[in-house]
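Engineer: One structure, as structure tokens, below. Some questions next.
The values are calculated or read from the model by the stated rules, or taken from the named source; none is laboratory data. A quick note: this is a predicted structure, and the numbers were derived from the prediction, not measured. Glycine also receives a Cβ, built like all others from the backbone with ideal geometry; neighbour counts cover every protein chain displayed. In case anyone asks, the SASA skips ligands and DNA or RNA and just uses the protein heavy atoms, side chains included. Shrake-Rupley method; radii C 1.70, N 1.55, O 1.52, S 1.80 Å.
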Amino acid sequence: MFKAKVIFIGPNESGKTVLANFLSDTADVGGEYRPTQGVRILEFESQAEGSHDNDKCDVELWDCSGDFKLETCWPAIIKDSSGVVIIFNPNVPSHLKEIETWYSMFISSQSLQESQCLLIAHHKPGSAVEDGRLPLASHLGRLPLIHSNLEEEPEDVKQAFCKYLGSVVKTMSESREREEMSIIT
């Protein structure tokens, strides 16, 4: 069984913790806003849809604070990660600009493949959900994007995450196979 370390990052108050709790089946999906202090690590088992035999996958989900004062900790957080999910609120214009910083710090600096990355436009309860195109920078436009609304379509969010996990596991498996072949030859 594969073990995937997935990092949840993004601006403050974008919904990272709510999504992390929901996807890991941890209680306390709603409630008042409490900023994450540093990082929370959630461990759970999930289906990795589309991977070899749709295997189960052990997920180590790192729910990271969106506070830039913790920037010195980011290299330790990103170390040995299998995937990065940038979560933002599409109704907050500053988030659209800020996710470019998260992209450069966590994705381009690590040379992650697009299949290891995911953008989640998280819609807060009561906000309008528009699945239309977002004004994203061109390099962000190449990443897979899902809109999440836990009030309206919670199972769609879970299914999209399982599909993302499947592509992460597939990338990890291919990388492992290449590594093994280079040792043999």
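Engineer: What does the net charge come to around Ser94 if you take all other residues with beta carbon closer than 13 Å to its beta carbon, with K and R at +1 and D and E at -1? List each step's numbers first, then the result.
Structural biologist: Working: positive: Lys97; negative: Glu13, Glu98, Glu100.
Around Ser94, the charge tally is -2.
Engineer: When the Debye formula is applied to the Cα atoms of the range 90-185, each taken as the same point scatterer, what base-10 log of I(q)/I(0) results at q = 0.16, 0.22 Å⁻¹?
Structural biologist: -0.78, -1.21
Engineer: Note down the net charge around Phe8, summing +1 for each Lys or Arg and -1 for each Asp or Glu among other residues with Cβ under 13 Å from its Cβ.
Structural biologist: Net of charged neighbours comes to +1.
Engineer: Quick check: residue separation of Asp156 and Asp25 times 0.36 nm, minus the Cα distance between them. What number comes out in nm?
Structural biologist: The Asp156-Asp25 span can extend by a further 45.7 nm.
Engineer: Can you tell me how much longer the chain between Gln110 and Phe68 gets when fully stretched, taken as 0.36 nm per residue apart minus their C-alpha distance, in nm with one decimal?
Structural biologist: Values: separation 42, 0.36 × 42 = 15.12 nm, distance 1.84 nm.
Additional length available on full extension: 13.3 nm.
Engineer: By its C-alpha gyration tensor, with a ≥ b ≥ c as the square roots of the eigenvalues, how is the range 3-173 shaped: rounded for a/c under 1.5, else prolate for a/b larger than b/c, else oblate?
Structural biologist: rounded
Engineer: Hey, what's the chain come to in accessible area per residue, 1.4 Å probe, Å²?
Structural biologist: For the chain, the per-residue accessible area is 53 Å².
Engineer: So, one more: Give me the percent of accessible area attributable to carbon and sulfur for the range 3-173, probe 1.4 angstrom. List each step's numbers first, then the result.
Structural biologist: Values: 4130 of 8400 Å².
Carbon-and-sulfur percentage of accessible area, whole number: 49.
Engineer: Pull up the DSSP beta bridges for the chain and report the antiparallel fraction as a percent, rounded to 5. Before the final figure, lay out the partial values.
Structural biologist: Details: 9 of 29 bridges.
That works out to approximately 30 percent antiparallel.
Engineer: Rounded to whole Å, give me the distance from the Cα center of the range 90-119 to that of the range 169-185.
Structural biologist: Using only Cα atoms to place each centre, the spacing works out to 27 Å.
Engineer: Using only helices, what value at 222 nm comes out for the chain when you add -39,500 (n - 2.57) per DSSP H run of length 4 or more and divide by the total residues, to the nearest 500 deg cm²/dmol? Each step should come with its number before you reach the end.
Structural biologist: On the way: 5 runs with 62 residues, N = 185.
Rounded to the nearest 500, the figure is -10500 deg cm²/dmol.
Engineer: Return the long-range amide H neighbours of Thr36 (sequence gap of 5 or more, or a different chain), with a cut-off of under 5 Å between placed amide H atoms.
Structural biologist: So Thr36 has HN proximity to Gly66.
Engineer: Just to be sure I understand: with springs between alpha-carbon atoms less than 10 Å apart, which residue in Phe88, Phe22, Phe68 has the highest mean-square fluctuation in the Gaussian network model of the chain?
Structural biologist: Looking only at Phe88, Phe22, Phe68, the largest GNM fluctuation is found for Phe68.
Engineer: Taking 8 Å as the Cα distance limit and 6 or more residues as the minimum spacing, I'd like the relative contact order of the chain as a percentage.
Structural biologist: 26 percent
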